[in-house]
Amino acid sequence: MSGEVGEGGIYRSRLGKPMEREAAQYLSSLLEDVEIFEEDIDGTEAHVIMLQEQGIITRSDAGKILRTLEELREEWRQGKIKLDPEKFEDVHELIEAYVVGRLGLQIGGKMHTGRSRNDQVALDIRLRLRRRILNLWGEVLRLAEALRLKASEEKKTLMVLYTHTQHAQIGFLSHYLISYAEHLLRDAERLEACYRHVNLSPLGASAIGGSTLPLDRLKVAELLGFEGLVENSIDAVSSRDFLLEAACQAAILMVHLSRMAEDLVLWSSSEFGYVELPDEFASPSSIMPQKKNPCVLELVRSRAGRVCGLLAGLLASIKSVPTGYSRDLQDVKPPLWEIFNLTESTVKIFSSLVEGLKFNRERLGENALKSYASALDLAEALIKEAGLSLREAHRVVGEMVRLCLAKGLTLQEAGLPLLEKASEKTLGRKVSLSLKTFREAVNPASSPMRRATLGSPSPRETLRMLKRLRDEIRSSERMLRLKLRNLEKAERKLRNKVYKLIS
Ligand code: ARG
């Protein structure tokens, strides 16, 4: 690397000896800091511009430092910067050492004025994390949209809805798909909420107690596109709840994907035969020629598990860190980035997979038609038309199902006489329904049509929910675009200021 500094690094004057090799390797975060390399340059540039505008350093010095930082950025992008953990504790030291090496202590040594690595690293994490959140948010909306589109294709696909993995009520496949689009929309909302906590500037807190120099914290925040400050200087360097929150949101999202994956694995089995996974997303067996394994979905489940584990690790790493900065906090970055890598790649592949799903409508419908899952509709018909209490109706229909099972009949095939028989047996009196009501109630194809409640799978509610979903996805997309535009605007302004000072 050009811009070498002397043995022992730029911070070690208080310590008699250079750091022991093994200790240096153990302690350095340099290799993992690649994730925040450019963020560190961006943050430093904003800081230097503020120092100049506040008259803390001269225009000429600021220009030199900024030019050197831009040269470093270029070298970094060209892969020319060697990362040697034995030489630098982290990216912050490397970058400062580079500038000091190039410009000397007198000028280069001004770059870090009024700043500590404590507020600096908190800043870098926030700069990087906000990008990762916006990317993930975009992917979440893409998946919500894929589910919405599938749902509108499957509005008429009758299916059994399950509780306890047992037939529960009849609905439509669209209802299932809408339910997960709703989950995803809430995931997007959670990311938006957490973005607000992440997109705040900690810079200017110094090591923990602020600075005697006239730093303009708001100026730096504005230059970097932050929506405000983490005001309290202890809070600014010490808090990591912003990243725990982001990790939690990612974990919740992964749990949703894992549950969906679990359903799809089950549904793609020969026993269910509800869905055919796209060949491009399935895996063969090395020995059994007939196999089509849902390996991608299985990995979705396991990666959700890994993300939950990483989250638990983060909570554990942070819970005993005394207030302020301690080096433990260095270790929360790699798991955080891994959580985002795993989550983003999973959401991405899930969208493509959903787009390619082929549902077997006949099989889904057949299973619904054979099912006793319209039993509740029949019980409710008895409540409405025959004036039974729920408990009476429940008993009558329960007995009728038992009789049907013994005879191998569906409710439809058994007909009204068996209902009457069941009522005599359970209530000691004959209860009946009009033939029309009975037929409608026990016909799985028509029972969901008469669901009257908000949010049920009735066709009217399905259409209304699909429309609302569409509006909400669009509005979340608009909000996301706004956040992206704000960042771009700030970035352009910062670039302009950098170039002005350099030239
Ligand atoms: N590499 C450190 C980290 O990632 C930077 C902050 C070091 N701060 C300090 N006071 N030693 O957390």
Can you tell me the Rg and Dmax of the chain, counting just the alpha carbons, in angstroms?
-> 31.1, 101
To the nearest Å, what is the center-to-center distance of the range 327-355 and the range 114-170, using C-alpha atoms only?
-> 12 Å
Dipole moment magnitude, nearest 20 debye, the chain about Cα centre, only Lys, Arg, Asp, Glu C-beta charged | 1640 debye
Structure-based [θ]222 nm, the chain - -39500 (n - 2.57) summed over DSSP H runs of at least 4, per residue, nearest 500 = -22000 deg cm²/dmol
Please state the charge dipole magnitude for the range 27-67, taken about the Cα centre, from unit charges on C-beta atoms (+1 on K and R, -1 on D and E), reported in debye and rounded to the nearest 20.
-> 440 debye
Relative contact order, percent, the chain [alpha-carbon distance under 8 Å, six or more residues apart] = 17 percent
Convex hull volume per residue in cubic angstrom - Cα atoms of the range 95-180 = 144 Å³
Debye intensity ratio in log₁₀ form over the Cα atoms of the range 159-250, taken at each q of 0.25 Å⁻¹ = -1.16
Low-density loop cleavage sites - trypsin sites (Lys or Arg not before Pro) in the range 127-182, where at most 15 other Cβ are within 10 Å (DSSP) | LYS156
Give a quick list of trypsin sites (Lys or Arg not before Pro) in the range 430-468 that DSSP marks as loop, anything other than H, G, I, E or B, with at most 13 other Cβ atoms within 10 Å.
-> LYS430
Say the cut-off is 30 Å between C-alpha atoms; which of LYS219/LYS483; LYS348/LYS489; LYS358/LYS483; LYS150/LYS483; LYS87/LYS493; LYS155/LYS407 go over it?
-> LYS358/LYS483; LYS87/LYS493; LYS155/LYS407
If each part is reduced to its alpha-carbon centroid, the range 357-383 and the range 25-84 end up apart, in Å, by 64 Å
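Bear in mind that the values in this text are calculations on the coordinates, not laboratory data. What you are looking at is a predicted structure, and each value in this text was computed from that prediction instead of being measured. FYI the Cβ positions are ideal-geometry reconstructions off the backbone, even for glycines, and counts take in every protein chain you see.
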